[in-house]
Structure formats: structure tokens, C-alpha cells
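A short write-up of the structure that comes next.
The values are calculated or read from the model by the stated rules, or taken from the named source; none is laboratory data. On a predicted model such as this, the values are computed, not experimentally measured, just so you know. All Cβ positions, glycine included, derive from the backbone under ideal geometry; neighbour counts span all protein chains shown.
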Amino acid sequence: MDATQNPLRRALFRFAETGAALSALYHRARLLGAEHLPEQGPVLLVGNHGLWGYETPAFFHLIHQATGRYPLGLAERGFFKIPLVRTVLPWLGGVEGTREKALASLRQGHLVVCYPGGAWETFKKPRHHYTLRWEGTLGFARLAAQARVPIVPFAGFGVDDTFLCPNDERWCVPLAPGEKYRVPLGIGLGPLPLPVKMTFVIGPALTPPPSDAPESRLKHFRDRIATTVRHLLVRACHA
């Protein structure tokens, strides 16, 4: 990641780095299985997303600590409809979640983080905490197959417990004007999130099918990744 483009971008990046480090400290965040992350070369990390995506800075901070690499994150395309956010997010490692931009990032040799559950997992209701809803997507499997890069599965526990959110739809607001996703409002420890412990577990890399694999094989690979993430969640819960 290039944080030296201009003074404003550099200052914002350093501020975000400090905030991520403080978040990791506040939540006693740990990263297990870092030996599965390569020191160089492209790789696609795939796992579960936490409430509001709040855990992402701490997770990225731990990855950088372990590998010296700054990960890029595939972000919900709706965020890039918000004027200020679409300018700042790329400065902090956010990549618009299109196949073209994801492929470009991998071909440039980056470590790319993908959350197949997308906004559904980010804005889920309490009854859906730590559940994956990947049945309708093959995007990440196709991406890995087309880019010919391994998928490294991961899971984060504690990431859905940082705020208390009601199930009532009336306590939700739209992500942006005209957007279908609604963000649940929540409370923490006063102005802070709840000081829950976060544990991230990374598993061994899995090789995707070839780029010309039929859809049935891609679905099998997707389901294999999802099953692996669920197993890693159990491990993270008990770590």
C-alpha cells in the first residue's frame, strides 16, 4: 500500500494505523495460524465478517504485524456511492468489490481479504451472529480460479459481539440513499464498543479449481471453504 501520495493521505493513513493498533489492544486481539500467510505473492483471504465491519482494522493490523504486508480489503460497492467514503477508503486499503478490481489487485501481488457474506454479514441481526450466508455467491471461488491464486480461509470470533443491536427493523437506517442494506443501530460501553476479546484463526491455503472448471465444481469448492471457516470459528471460540 502506498501511503506516500500526499501529506493528507499519509497523515490519514498513520492516524488509521494508530486507531487499528489501539483497537487490537482494546480487544486483546490475537492472530493464530499466521504461519499460513505467505511473505510475498498474491493470496486471497476468505472468511466471516463482523458487525459493521468494525473488526477489520484490528485484523489488518495483526496481519501487518505478522507478515509486514498491508492487506487490501474488497469493500461493498455501496460504500463507493458515498462521496467522502469513496475518496478515503482506497487510501486505507479498500478496493471496490468488483471482479475487475479484485483481479487487478491480485495480479499486482497483493494480499487481498474477501468477505463473501458482504453487507449481509456486516449488517446482520443478532439472531444471525456467526452464521455464513454464502449460498448465493460464487464470486470469490471464480476470482481465485481465474487469478490462479490460493485461498487462505480465516475466521474471527468476538467480532459480532462488539455492540448490542436490536432485532427491530425500526432501529435500522439505510446505508445510503436508495440502498437496500439497512444498518442496525447499537450501543456499546458508552461511546466505546464492548471490550470483548477478538480471536482470529487462519487455516492452511486451499488450491482453487482451474479457471475452466464447471459451476458444480466451483460450488463444491465454495462449500468446502465455508465448512473450513465454520471449523475455524469453533477453534477461535475455544482458543
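Just to be sure I understand the filter: pairs with C-beta atoms under 6 Å, separated by 6 or more residues or on different chains, first member in region 13-27 and within 15 Å of V196 (Cβ to Cβ), second member outside any helix (DSSP H, G or I). Which pairs pass?
Filtered contacts from region 13-27: H27/M198.
Within region 30-55, track down each residue that is within 10 Å of the chain's Cα centre (by Cα), closer than 19 Å to I225 by Cβ and not in a loop (DSSP other than H, G, I, E, B).
Within region 30-55, L45, V46, G47 meet the criteria.
Which ones in region 1-24 are modelled with pLDDT of 85 or more, touching a helix residue (DSSP H, G or I) at 6+ places or on another chain (Cβ under 8 Å) and of a type in the set (A, V, I, L, M)?
Correct list: L12, A16, A20, A21, A24.
Assuming R222 fulfils every condition listed in (1) within 18 Å of W120 (Cα to Cα); (2) at pLDDT 95 or above; (3) out of contact with any helix residue (DSSP H, G or I) (no Cβ under 7 Å at 6 or more places or on another chain) apart from one, which condition is it?
Single failed check for R222: (3).
Kindly evaluate R107 against the criterion of being among the basic types (K, R), surrounded by fewer than 20 Cβ atoms within 10 Å (Cβ to Cβ) and at pLDDT 95 or above. I'd like the intermediate steps shown before the answer.
Details: among the basic types (K, R): yes; surrounded by fewer than 20 Cβ atoms within 10 Å (Cβ to Cβ): yes; at pLDDT 95 or above: yes.
Against the criterion (among the basic types (K, R), surrounded by fewer than 20 Cβ atoms within 10 Å (Cβ to Cβ) and at pLDDT 95 or above), R107 qualifies.
Residues in region 59-98 that are modelled with pLDDT of 95 or more, buried (at least 19 other Cβ atoms within 10 Å of the Cβ) and part of a helix (DSSP H, G or I): how many?
Counting residues in region 59-98 that are modelled with pLDDT of 95 or more, buried (at least 19 other Cβ atoms within 10 Å of the Cβ) and part of a helix (DSSP H, G or I) gives 5.
Take region 193-232 and flag every residue that is surrounded by 14 or more Cβ atoms within 10 Å (Cβ to Cβ) and of a type in the set (S, T, N, Q).
Selection gives T199, T228.
Run S23 past the list (1) polar (S, T, N, Q); (2) surrounded by 17 or more Cβ atoms within 10 Å (Cβ to Cβ); (3) under 18 Å from L111 (Cβ atoms); (4) over 11 Å from the mean Cα position of the chain (by Cα) and report the number of the one that doesn't hold.
(3)
Here are T207, T199, T228: which of them is among the polar types (S, T, N, Q) and either free of Cβ contacts under 8 Å to residues at least 12 places away in the same chain or closer than 17 Å to E55 by Cβ (or both)?
Details: T207 fails: either free of Cβ contacts under 8 Å to residues at least 12 places away in the same chain or closer than 17 Å to E55 by Cβ (or both); T228 fails: either free of Cβ contacts under 8 Å to residues at least 12 places away in the same chain or closer than 17 Å to E55 by Cβ (or both).
The unique qualifying residue is T199.
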